[in-house]
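Notes for the one structure printed next.
The values are calculated or read from the model by the stated rules, or taken from the named source; none is laboratory data. Every value quoted in this text rests on a predicted model; they were computed, and no experiment measured them. Using ideal geometry, Cβ is built from the backbone for each residue, glycine included, and neighbour counts are taken over all protein chains shown.
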Amino acid sequence: MHEMTAILLDGQGGARAISTDAAEDRKIEGGAILWVHVRQSPGEDGAWLHALGADNIVVGALTAEETRPRCTLYQGGVLMNLRGVNLEPGADPEDMVSLRIWAGPARIVTLSHRPVQAALDLIAHCEDGTGPASSSEVIAQLALRLADRAEPVVADLNERIDDLEDAVEVGAFAPRRRELAEIRRVSIQLRRYMFPQRDALSTLEIEPLPWVGAAQRSALREATERVTRLAEELDAIRDRAQVVHDHIMDGRAETMNRQMMLLSVVTAVFLPLSLITGLLGINVGGVPGAASPYAFWVVCLLLIGLGAVLLAVFSRLGWLRPC
């Protein structure tokens, strides 16, 4: 099951919706550009693409189950895959949606399995009577809108890592470990597609295609730079998250060392005391002071004094200093 929207661009910035039958008949006026956007269920074949002039290679590229951002020249046009953050309610932004593109001088077909808000917004502008003037401008505007929607997600990650850095500075380690792991996971998944998307846009910008004008190349360059900046910010977020993780691990190690030192001091103090009390408590004859009513209190005083001496020695050695 697929939903098709067909837009006819007049090449001068004007646009109007046309029927899908007219789009499939390819009855295009001179100088006009046909844009067909399709939302198709995963696993569905692309037989309808043949009505738009697509061959088996194009159909396979547009209906592939798994895609990564790329740009491939094919028969005077391009086959592209772009990715955008998932802004559907309840969805994870890092679960990026794929936008598949088949474009040429007089036709562009975009296909997605899930809603791509950038494409829907551009379609809304076209239906209002204003739209891109060429198929290359459609790609450029889609790329810019995809970058626009990724920027708030990356900015939110930056703010969250800022909060974590502040929390680590004041020693709040344990409560934020799960959030740190989430930030690292999201940044890694977003980065996985940003760099290939930059390369795909850069490829389209530099290829000598006659239907890609200077203004469109400038827009593609801007989209490439914005995607590059987002990818670099994700790199920085990943590195900052690693630094925060190291701080947390150092803080935990320091706390553990302090606790182990305390246990060692307690053990060192009570070991000789336990030895003395153990010797005095053996069930044999000849224990000193067994018949004296004051022997217990004398032993207690001796143990307290020995403990104080041991603490003084450990303090002198620096064992009681904070780690």
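General remarks:
- Condition met for Thr267 (out of contact with any Leu (no Cβ under 8 Å at 6 or more places or on another chain) and not basic (Lys, Arg)): yes
- Each residue in segment 199-216 was checked for being in contact (Cβ under 8 Å) with a residue 40 or more places away in the chain and assigned to a helix (DSSP H, G or I), and 7 of them qualify.
- Residue match in segment 237-245 (condition: part of a helix (DSSP H, G or I), closer than 30 Å to Ile108 by Cβ and touching a residue at least 40 places away in the same chain (Cβ under 8 Å)): no
- Selection count, segment 271-323, where residues are assigned to a loop (DSSP other than H, G, I, E, B), hydrophobic (A, V, I, L, M, F, W, C), free of Cβ contacts under 8 Å to residues at least 60 places away in the same chain and surrounded by 11 or more Cβ atoms within 10 Å (Cβ to Cβ): 3
- Beta carbons closer than 6 Å, at least 6 apart along the sequence or on distinct chains, pair a first residue in segment 121-148 that is under 16 Å from Ile18 (Cα atoms) with a second that is hydroxyl-bearing (Ser, Thr, Tyr) and part of a strand (DSSP E or B) for Ile123/Thr5.
- Those residues of segment 70-111 which are under 20 Å from Leu122 (Cα atoms), in contact with a helix residue (DSSP H, G or I) (Cβ under 9 Å, 6 or more places away or on another chain) and either modelled with pLDDT under 85 or not in a strand (DSSP E or B) (or both), in sequence order: Val85, Leu87, Glu88, Met96, Gly104, Pro105, Ala106
- Here the condition is being in contact with a strand residue (DSSP E or B) (Cβ under 9 Å, 6 or more places away or on another chain) and among the acidic types (Asp, Glu); of Glu182, Glu207, Glu159, it holds for Glu207 alone.
- Positions within segment 9-22 being under 20 Å from Val212 (Cβ atoms) and either part of a loop (DSSP other than H, G, I, E, B) or not small (Gly, Ala, Ser) (or both), in sequence order: Leu9, Asp10, Gly11, Gln12, Gly13
- Just one of the listed residues (Ala241, Ala253, Ala214) is aliphatic (A, V, I, L, M) and closer than 30 Å to Ser134 by Cβ, and it is Ala214.
- Residue that is on the phi < 0 side of the Ramachandran plot and surrounded by 18 or more Cβ atoms within 10 Å (Cβ to Cβ), where the choices are Leu120, Leu111: Leu111
Here is a yes/no grid of residues against (1) among the aromatic types (Phe, Trp, Tyr); (2) in contact with a Lys or Arg (Cβ under 8 Å, 6 or more places away or on another chain); (3) under 24 Å from Gln12 (Cα atoms); (4) surrounded by fewer than 18 Cβ atoms within 10 Å (Cβ to Cβ):
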residue	(1), (2), (3), (4)
Leu204	no, no, yes, no
Trp211	yes, no, yes, yes
Gln216	no, no, yes, no
Glu222	no, no, yes, yes
Glu225	no, no, no, yes
Thr228	no, yes, no, no
Leu234	no, yes, no, no
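- Pro69 being touching a residue at least 60 places away in the same chain (Cβ under 8 Å), touching an Asp or Glu at 6+ places or on another chain (Cβ under 8 Å) and crowded, with 21+ Cβ neighbours inside 10 Å: yes
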